[in-house]
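Chemist: Below is the structure I would like to discuss, written out as structure tokens.
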Amino acid sequence: MKTKYVVALTESEREFVQKIVNDKTTSPTFKKRAQILLALYTNAGKPQTQITIAQRIGVTPPTIYNTLKQHHTQGLQTTLQFKTPKEPNKKPIVTGEIEAHIIATACGKPPEGYARWTVRSLTNKITLEIEPNMSRETIRRTLKKLNLNLT
């Protein structure tokens, strides 16, 4: 069967990958990636099948394929590095200004007919005035983080 991607490493690249495998401080993920590349190295004789390599290293066959594809398309350095996101996926809902408003409301006078604020009533007021997408759990976590007790 003809393979789509082939691992052809230079001598210096092979030594670099071997050093990663032998280093004790390397994370297990990168050790496995390096082991995959060494196992698929074509100059070392007839390469093993991806299923055999997956069983030997302890990963799934798609991991073998994805590592091989990444090495072929993006290069050795990218394959053996962590991807750092450029910015966080989700921006926090509670900013300093909203947090201050929650504190001021919670410390203020409770709604008419009640002796104290409840998390539900506080959430209703905050969602009407400030942030319509804020959940009750977000309000509760904010109060807990600030060590505020509504009793």
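The values are calculated or read from the model by the stated rules, or taken from the named source; none is laboratory data. This is a predicted model, so every value here is computed, not measured. Because the Cβ atoms are built from the backbone with ideal geometry, glycine has one as well, and the counts that use them run over all protein chains shown. Protein only, heavy atoms only, side chains kept; ligands, DNA and RNA dropped before computing areas. Shrake-Rupley method; radii C 1.70, N 1.55, O 1.52, S 1.80 Å.
Chemist: From (1) surrounded by 11 or more Cβ atoms within 10 Å (Cβ to Cβ); (2) within 30 Å of residue 136 (Cα to Cα); (3) at pLDDT below 85, pick out the condition that doesn't hold for residue 6.
Modeler: All conditions are met except number (2).
Chemist: For segment 109-151, which positions are farther than 22 Å from residue 95 by Cβ, touching a helix residue (DSSP H, G or I) at 6+ places or on another chain (Cβ under 9 Å) and of a type in the set (Lys, Arg)?
Modeler: Within segment 109-151, just 120 meets the criteria.
Chemist: Residue 99 - would you say it is closer than 30 Å to residue 150 by Cβ, among the acidic types (Asp, Glu) and not in a helix (DSSP H, G or I)? Walk me through how you get there before you give the answer.
Modeler: Details: closer than 30 Å to residue 150 by Cβ: yes; among the acidic types (Asp, Glu): yes; not in a helix (DSSP H, G or I): no.
No, not satisfied.
Chemist: Within segment 103-117, restricting attention to residues that are touching a Leu at 6+ places or on another chain (Cβ under 7 Å) and closer than 20 Å to residue 135 by Cβ, which residue is most open to solvent (accessible area, probe 1.4 Å)? If you could, list the steps in order and put the result at the bottom.
Modeler: Here is the first cut: in segment 103-117, the ones touching a Leu at 6+ places or on another chain (Cβ under 7 Å) are 103, 105-106, 116-117.
Checking the rest, the ones that are also closer than 20 Å to residue 135 by Cβ come to 103, 105-106, 117.
On the way: 103: 53, 105: 14, 106: 18, 117: 18 Å².
Only one residue tops the list, namely 103.
Chemist: Can I ask one more? In segment 15-34, how many are open to solvent by 70 Å² or more (accessible area, probe 1.4 Å), part of a helix (DSSP H, G or I) and free of Cβ contacts under 8 Å to residues at least 40 places away in the same chain? Show your work before the answer.
Modeler: We begin by selecting, within segment 15-34, every residue open to solvent by 70 Å² or more (accessible area, probe 1.4 Å); these are 15-16, 19, 22, 24-25, 28-29, 32.
When the remaining residues are screened for being part of a helix (DSSP H, G or I), the result is 15-16, 19, 22, 28-29, 32.
So of that shortlist, the ones also free of Cβ contacts under 8 Å to residues at least 40 places away in the same chain come out as 15, 19, 22, 28-29, 32.
Final tally of qualifying residues: 6.
Chemist: Of the numbered conditions (1) open to solvent by less than 70 Å² (accessible area, probe 1.4 Å); (2) within 30 Å of residue 146 (Cβ to Cβ), residue 59 satisfies every one except a single condition; which is it?
Modeler: Result: residue 59 fails condition (2) only.
Chemist: One residue is enough: does segment 86-98 have a residue meeting the conditions open to solvent by 60 Å² or more (accessible area, probe 1.4 Å) and within 30 Å of residue 7 (Cα to Cα)?
Modeler: Quick first cut of segment 86-98, residues open to solvent by 60 Å² or more (accessible area, probe 1.4 Å) only: 86-93, 95, 97.
Filter once more, so that each one left must be within 30 Å of residue 7 (Cα to Cα): 86.
Within segment 86-98, one or more residues are open to solvent by 60 Å² or more (accessible area, probe 1.4 Å) and within 30 Å of residue 7 (Cα to Cα).
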